[in-house]
Amino acid sequence: MSDHGKFYSTKFQDTIERKTVLMFVLTAVAVAVGGIVEIVPLFYLPNTAMCQNDPTCNNTQHKDLQGNAIPMDKIVWNPKTSAHTTLPSLANPQPTDWQPGDGVRPYTALETAGRQVFIREGCFLCHSQMIRPFRDEKDRYGHYSIAEESMYDHTYQWGSKRTGPDIARVGGKYSDEWHRKHLKYPRDVVPESVMPNFFFLEKNPIDAVKTTKTLEVMTKMPFNPVPKTIYTESYIAGAAKEVEGKTEMDAVIAYLQSLGNHVKFEEGVNYRD
Amino acid sequence: MEAKLATPVKYDMDIVRWFTIAACIYAVVGTLIGVYVASELAFPFLNFDIPEITFGRLRPLHTNAVIFAFGGCVLMATGFYIVQRTGATKLWSNTLAWFTFWGWNLIIVLAVITLPLGLSEGKEYAELPWWVDIMIAVVWLSYGFNYIMTIGIRTTSHIYVSNWFTMGMIVMITYLHVVNSLAIPVDWATSYSIYSGVQDAMIQWWWGHNAVGFYLTGGFLGIMYYFIPKQSGRPVFSYRLSVLHFWTLTFGYVWLGAHHLQYTALPDWTGSLGAAISLAMIIPSWGGAMNGMMTLSGAWDKLRTDYILRFLVTAMAFYAMSTFDGPVMAIKSVNALSHYTDWTVGHVHAGALGWMSMISFGAIYHMVKKLWNTEMYSDRLVNVHFWIALIGATTYVVAMWVSGIMQGLMWRDYDEFGTLTYTFVESVSAMHPYYVMRAVGGAIFNLGAWIMLYNVVMTVRQASAVRGVNAVAAKA
């Protein structure tokens with residue numbers, strides 16, 4: 001006995017269930033909507049740190065208590081308008097070098113190499129880089145993180161789990177020597193720590209060719225690339241010298257010390273809208 | 001119609017047999033690595049100062065092994081099984097199915113090699129290097145294309161509900177994988193996502209929640225809608241509920257990822273939208289769970305004797321529980337406490353161990369009996385596996401819930417002087433007993449996977465032996 005002619009739902013649903021292509025198309029449309037609604041606007045709205053070729057970053061306006069908008073070049077470093085015009089260099093420090101508080105800048109060659117090691121070792125699985133706007137997080141870690149601070153982070157590193165503490169503002173909090181000791185054998189410094197020993201980073205030299213290529217890749221990103229005015233031809237050409245003789249340990253420490261001190265946050269300014 | 005069904009269809013079941021065996025092996029391997037990484041957090045000396053086995057490199061191997069190796073093989077085994085039987089047709093291409101099998105296993109082998117070497121793209125659940133991502137896309141499409149073409153050549157009039165879910169899952173995973181994995185390579189080992197900061201975070205969690213969630217939900221609901229009716233011998237409780245379940249979940253699930261980014265630098269509306277839809281998802285999820293449970297109406301007594309049914313029904317209970325847990329965690333005020341803590345890990349494992357593994361185990365036992373046309377080597381061992389899996393999963397999840405909430409409360413606690421009560425490291429040492437408990441729970445669960453592998457292998461051997469005897473008898 002067949003009852004295949006009978007509708008158990010609606011005629012439309014019944015038609016869908018009989019036609020493979022129709023069901024495929026409708027399903028493909030249904031699963032696409034959510035992503036389009038949530039993702040696409042983030043490339044056009046303010047407060048999303050889309051600063052590509054746009055000094056206003058999609059018209060982002062962080063306002064102070066008087067309601068005055070903070071100029072975006074106070075938040076995102078612009079060598080054309082800043083008093084400091086060059087990326088900081090360990091090999092050849094200049095008085096014109098970027099200083100903490102000058103605004104968000106891309107990573108230096110050594111920091112870039114360190115960031116690669118950071119990703120390789122899966123550090124982000126236990127250490128977040130995203131401070132939320134809560135009192136306890138402010139007391140523990142510092143000012144809440146803002147969108148602009150991760151605009152050059154290709155593959156963001158906000159993390160999802162704090163098995164260890166947040167490190168969004170760890171830069172400058174400890175000395176290089178502390179980091180070196182702690183990274184090598186964490187339990188020598190913090191007995192309760194469950195972090196693996198990363199002593200082997202000291203044995204690995206930095207690959208200068210790879211670092212140079214990474215900087216080039218960063219200028220080619222389709223969204224938020226590092227401007228050519230920052231990674232200039234000469235900076236990229238000098239990258240190998242910046243990492244010469246450095247180990248992965250030096251690089252990771254340089255990366256950690258660069259985290260979270262780029263922007264000078266002012267009292268009373270709402271940086272979230 | 002009837003005339004067509006009268007001629008028996010010779011299904012392509014060898015491919016299903018291989019995927020099923022692979023799934024049993026990966027269940028053991030994936031959970032074993034999980035036990036090891038969990039133990040590393042409880043006893044850090046287990047990192048043994050060997051870079052390749054430190055937590056940061058092994059944890060992605062654990063997640064990839066359980067999700068893509070175990071989960072993937074279960075999905076492909078059940079997918080190819082269901083699509084043939086519900087459509088009364090062979091596969092569109094058996095050759096392409098074998099390409100999928102070997103391709104998928106090659107990818108798993110490459111994951112085992114590259115992840116411990118530290119080849120990570122730095123995106124959770126999408127760590128594999130760019131060239132493996134391309135291979136995943138190709139092999140996945142081979143699976144999806146074959147699957148949909150097989151639906152196309154079915155000889156039944158309607159597409160069965162399981163196939164809707166699996167097809168939806170295949171389409172969605174394709175979108176998510178392709179968009180999230182777009183990257184510019186530096187060399188063979190390293191590449192960088194073309195997105196950065198806020199946009200990358202949103203895209204990553206659009207992938208991270210929805211891919212893992214829909215992969216481990218959509219496809220496994222397909223399993224539920226086929227194997228629960230089959231095993232219990234009862235029709236699906238409500239066809240209309242399954243229509244509602246499918247369309248609402250398919251449309252809604254992909255919005256949820258944003259709830260991972262509450263109170264971050266992502267604009268507030270995005271997270272709130274994700275949370276609102278997450279809450280709404282309780283309705284289809286519970287509707288679906290009820291649909292699975294109520295399918296047993298009139299057959300509840302079978303739970304006493306049918307151990308396979310126990311797996312399937314317990315899975316529905318965990319599905320209902322974790323689809324309640326999830327939306328609650330998406331609420332902003334709860335998320336403020338739960339985010340960054342072990343509660344999230346507990347939630348994931350309530351779903352992964354309780355729902356998706358349990359329904360997989362049930363489906364595997366059901367299929368093994370049909371595929372080799374035999375009874376299980378030991379029904380008692382199926383029952384033992386059930387209780388061990390249940391105890392292991394519960395131990396794990398309870399440990400993580402308690403530690404997660406405790407962590408969250410310790411971090412935000414203030415003393416009478418208005419200063420933070422606990423340093424961070426005090427919260428780390430407070431976690432130790434729970435991390436041990438988690439590792440023990442995981443180890444118990446892993447033991448269950450070994451039992452299943454043993455039982456399945458013995459069943460297959462027994463079936464082959466019987467076949468051999470028959471062959472000899474026939475000659476004589």
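The values are calculated or read from the model by the stated rules, or taken from the named source; none is laboratory data. Quick caveat: nothing in here was measured; it's all calculated off a predicted structure. Note that each Cβ is placed from the backbone with ideal geometry, even for glycine, and that neighbours are counted across all protein chains shown. With ligands, DNA and RNA removed, areas are computed over all heavy atoms of the protein, side chains included. Shrake-Rupley method; radii C 1.70, N 1.55, O 1.52, S 1.80 Å.
Miscellaneous remarks
- Residue list for the stretch B:214-252, filter: open to solvent by less than 10 Å² (accessible area, probe 1.4 Å) and of a type in the set (D, E, K, R): none
- If you filter the stretch B:195-209 down to residues that are assigned to a helix (DSSP H, G or I) and of a type in the set (Gly, Ala, Ser), you find that the one that is farthest from the chain's Cα centre (by Cα) is B:Gly197.
- For first residues located in the stretch B:293-316 and closer than 17 Å to B:Met356 by Cα and in contact (Cβ under 8 Å) with a residue 40 or more places away in the chain, partners that are open to solvent by less than 20 Å² (accessible area, probe 1.4 Å) and assigned to a loop (DSSP other than H, G, I, E, B) and lie 6+ apart or on another chain with Cβ distances below 8 Å form the pairs B:Leu309/B:Leu296; B:Val313/B:Leu296.
- The set of residues from the stretch B:412-456 being without any contact (Cβ under 8 Å) to a residue 40 or more places away in the chain and part of a helix (DSSP H, G or I) comprises B:Phe424, B:Val425, B:Glu426, B:Ser427, B:Val428, B:Ser429, B:Ala430, B:Pro433.
- When the stretch B:202-213 is limited to residues that are more than 21 Å from A:Lys220 (Cβ to Cβ) and facing another protein chain (nearest Cβ under 7 Å), the one that is surrounded by the fewest Cβ atoms within 10 Å (Cβ to Cβ) turns out to be B:Trp206.
- The stretch B:310-329, residues that are over 23 Å from A:Cys126 (Cβ atoms) and in contact with a Ser or Thr (Cβ under 6 Å, 6 or more places away or on another chain): B:Thr323, B:Pro327
- Restricting the stretch A:27-39 to residues that are more than 7 Å from every other protein chain (Cβ to nearest Cβ) and within 26 Å of the chain's Cα centre (by Cα), the residue that is most open to solvent (accessible area, probe 1.4 Å) is A:Ile36.
- Checklist (1) open to solvent by 10 Å² or more (accessible area, probe 1.4 Å); (2) free of Cβ contacts under 8 Å to residues at least 60 places away in the same chain applied to B:Asn47, failing item: (1)
- Test: B:Arg240 is within 11 Å of chain A (Cβ to nearest Cβ) and basic (Lys, Arg): yes
- At least 3 residues being closer than 25 Å to B:His385 by Cα and at pLDDT 95 or above is the threshold, and among the helices (runs of 4 or more DSSP H) wholly inside the stretch B:1-73 those reaching it are B:14-42, B:55-64.
- Whichever residue in the stretch B:257-310 is touching a His at 6+ places or on another chain (Cβ under 8 Å) and part of a loop (DSSP other than H, G, I, E, B) and, among such residues, is nearest to A:Glu38 (Cα to Cα): B:Gln262
This table checks each residue for (1) within 11 Å of chain B (Cβ to nearest Cβ); (2) surrounded by 14 or more Cβ atoms within 10 Å (Cβ to Cβ).
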position: A:Tyr8; (1), (2): yes, no
position: A:Val25; (1), (2): yes, no
position: A:Pro41; (1), (2): yes, yes
position: A:Lys63; (1), (2): no, yes
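- Beta carbons closer than 8 Å, at least 6 apart along the sequence or on distinct chains, pair a first residue in the stretch B:267-283 that is at the interface with chain A (Cβ under 10 Å from one of its Cβ atoms) and within 24 Å of A:Ala147 (Cα to Cα) with a second that is crowded, with 22+ Cβ neighbours inside 10 Å and of a type in the set (Val, Ile, Thr) for B:Pro267/A:Thr48; B:Pro267/B:Val198; B:Gly271/B:Thr264.
- On the stretch given as the stretch A:105-120, residues that are part of a helix (DSSP H, G or I), within 23 Å of A:Ser82 (Cα to Cα) and charged (D, E, K, R) total 1.
- Index of the failed condition, A:Thr112 passing every other in (1) farther than 30 Å from B:Leu119 by Cα; (2) open to solvent by less than 40 Å² (accessible area, probe 1.4 Å); (3) touching a helix residue (DSSP H, G or I) at 6+ places or on another chain (Cβ under 7 Å); (4) among the β-branched types (Val, Ile, Thr): (1)
- Subset of the stretch A:189-214 (residues that are open to solvent by less than 30 Å² (accessible area, probe 1.4 Å), facing chain B (nearest Cβ under 7 Å) and of a type in the set (Val, Ile, Thr)): A:Val194, A:Thr214
- B:Tyr192 meets each of the listed conditions (1) part of a helix (DSSP H, G or I); (2) within 9 Å of another protein chain (Cβ to nearest Cβ); (3) open to solvent by less than 10 Å² (accessible area, probe 1.4 Å) apart from (1).
- Count of residues meeting criterion [in a helix (DSSP H, G or I), in contact (Cβ under 8 Å) with a residue 40 or more places away in the chain and within 18 Å of A:Glu121 (Cβ to Cβ)] in the stretch A:175-209: 7
- Every residue from the stretch B:351-394 that is in contact (Cβ under 8 Å) with a residue 12 or more places away in the chain, aromatic (Phe, Trp, Tyr) and surrounded by fewer than 20 Cβ atoms within 10 Å (Cβ to Cβ): B:Tyr377
- Screening the candidates B:Leu91, B:Leu75, B:Leu96, B:Leu128 for the property of being touching a Gly at 6+ places or on another chain (Cβ under 6 Å) and closer than 27 Å to B:Gly218 by Cα yields one hit, B:Leu75.
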